[in-house]
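Novice: Sharing a structure with you now.
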Amino acid sequence: MSISINKIGIIGAGQMGSGIAHVFAVTGYDVILCDSNSDNLDKGLETIKMNLGRQVSRDVISQDIADAALGHISGCTDFAAFGDTDLIIEAATENEDVKKIILQELCKHIAEHTLLASNTSSISITRLGSYTDRPERFLGMHFMNPVPRMELVELIRGIATGEEAFSAVRELTKKLGKTPVNAEDFPAFIVNRILLPMINEAVYTLYEGVGSVHSIDTAMRLGTHHPMGPLELADFIGLDVCLAVMQVLHDGLADTKYRPCPLLTKYVEAGWLGRKTGRGFYDYSGDEPVPTR
């Protein structure tokens, strides 16, 4: 018997959660966006509205589609609202302890048939699935940021993930207009296992005085045609997220080549997390970003 997915729940109304809600709603799915913090929920819903408006202004979608998408989204601050969902995607902060608490609590409120997925960018899907009452219906569904614009979704099977659940989510991903890529359940999967060590190496290059923020980013933009320099990209991702992924790689693979750069750690300890805090490798307080080193 095939799995039918019609109603989606999303946990976390931050940058990733709101982006995931956006693409499902535009595709015509009913979405419940949940965040325990009502202010965060309001911000997330406002972000979706603003980004839909931006897509209309750029002729990416019509006003009718944008209006319909807004009608497909509702918000909540309590898992009790998830009772009739078919798939729930956890998109909370990249912290295993936080995700564990969420998944254990969530399972008390959802139907037996509901599939679960995590948008984790690095944490073991097998381990996260073990915190649920349905590891065979749990998998990784890692969207890229910004979700409405990026075409890829990494799909990660835990050791217990069933073929039926995996196939259903793979087909769903295609319906969103995204391209699914299968990744094995190793730390950071494919994209971040390659991308984050490159960013970490750029931070080492800065730390060791090989180049300034400006020269490192300019060199990579013009020398390799990357649309963003690695330090600018780190600020966009969030330096706390970059550090968390490097720590998962370092701990999970036990290889010194994944050691987080001490300068990255220092920036995170200072609360300089990039664009979201107004300061990282660049200062965003003025009209134009200014390098901080």
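Residues are listed down the side, and each one gets a yes or a no for (1) surrounded by fewer than 17 Cβ atoms within 10 Å (Cβ to Cβ); (2) assigned by TED's automatic domain parsing to the domain that holds Lys99:
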position	(1), (2)
Ser2	yes, no
Ile11	no, yes
Gly17	no, yes
His22	no, yes
Val26	no, yes
Tyr29	no, yes
Ile32	no, yes
Ser36	yes, yes
Asp42	yes, yes
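Novice: Which number in (1) hydroxyl-bearing (Ser, Thr, Tyr); (2) under 14 Å from Ala234 (Cα atoms); (3) in contact with an Asp or Glu (Cβ under 9 Å, 6 or more places away or on another chain) marks the one condition that Tyr258 misses?
Specialist: (2)
Novice: Please specify each residue of the stretch 104-121 satisfying the condition of being farther than 22 Å from Gln15 by Cβ and part of a helix (DSSP H, G or I).
Specialist: Residues satisfying the conditions are Gln104, Glu105.
Novice: Also, quick follow-up: With the stretch 200-293 as the region, which helices (runs of 4 or more DSSP H) entirely inside it contain at least 3 residues that are of a type outside the set (Lys, Arg) and over 30 Å from Asp185 (Cα atoms)?
Specialist: Output list reads 213-224.
Novice: Thr126: touching a residue at least 24 places away in the same chain (Cβ under 8 Å) and assigned to a loop (DSSP other than H, G, I, E, B), yes or no?
Specialist: Answer is no for this residue.
Table: residues versus (1) more than 24 Å from Ser118 (Cα to Cα); (2) of a type in the set (Gly, Ala, Ser); (3) surrounded by fewer than 16 Cβ atoms within 10 Å (Cβ to Cβ).
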| residue | (1), (2), (3) |
| --- | --- |
| Asp185 | no, no, no |
| Ile190 | no, no, no |
| Val203 | yes, no, no |
| Val210 | yes, no, yes |
| Ser215 | yes, yes, yes |
| Ala219 | yes, yes, no |
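Novice: Taking only the stretch 151-170 into account, find how many residues are under 22 Å from Val245 (Cα atoms) and surrounded by 14 or more Cβ atoms within 10 Å (Cβ to Cβ).
Specialist: Result for the stretch 151-170: 7.
Novice: Further, regarding this structure: Determine if the stretch 198-210 includes at least one residue that is of a type outside the set (Asp, Glu) and under 19 Å from Glu94 (Cα atoms).
Specialist: Taking every residue of the stretch 198-210 in turn, at least one turns out to be of a type outside the set (Asp, Glu) and under 19 Å from Glu94 (Cα atoms).
Novice: Could you tell me which of the residues Thr47, Thr27 is farther than 29 Å from Leu239 by Cα and at pLDDT 95 or above?
Specialist: When all the criteria are applied, what remains is Thr27.
Novice: For the condition crowded, with 20+ Cβ neighbours inside 10 Å, among the basic types (Lys, Arg) and in the same structural domain as Arg170 (by TED's automatic domain parsing), what is the one hit in Arg58, Arg54, Arg137, Arg127?
Specialist: From the options Arg58, Arg54, Arg137, Arg127, the qualifying one is Arg137.
Novice: Further, regarding this structure: Residues of the stretch 168-194 being assigned to a helix (DSSP H, G or I) and in contact (Cβ under 8 Å) with a residue 12 or more places away in the chain, which ones?
Specialist: Residues satisfying the conditions are Ala168, Val169, Arg170, Leu172, Thr173, Lys175, Val191, Asn192, Arg193.
Novice: Continuing with this model, one more query. Where residues in the stretch 16-39 are touching a Gly at 6+ places or on another chain (Cβ under 7 Å) and of a type outside the set (Ser, Thr, Tyr), which of them is farthest from Asp84 (Cα to Cα)?
Specialist: Per the criteria, the residue is Gly17.
Novice: When the stretch 47-103 is examined, which residues are found to be part of a helix (DSSP H, G or I) and free of Cβ contacts under 8 Å to residues at least 12 places away in the same chain?
Specialist: Within the stretch 47-103, Met50, Arg54, Val56, Ser57, Gln63, Asp64, Asp67, Gly71, Asp97, Val98, Ile101 meet the criteria.
Novice: Of everything in the stretch 133-175 that's among the basic types (Lys, Arg) and touching a strand residue (DSSP E or B) at 6+ places or on another chain (Cβ under 7 Å), which residue is farthest from Arg58 (Cα to Cα)?
Specialist: Step by step, filter the stretch 133-175, then rank; the result is Arg134.
The values are calculated or read from the model by the stated rules, or taken from the named source; none is laboratory data. These numbers come from a predicted model, not from an experiment. Every residue, glycine as well, gets a Cβ built from its backbone with ideal geometry; the counts of neighbours run over all protein chains shown.
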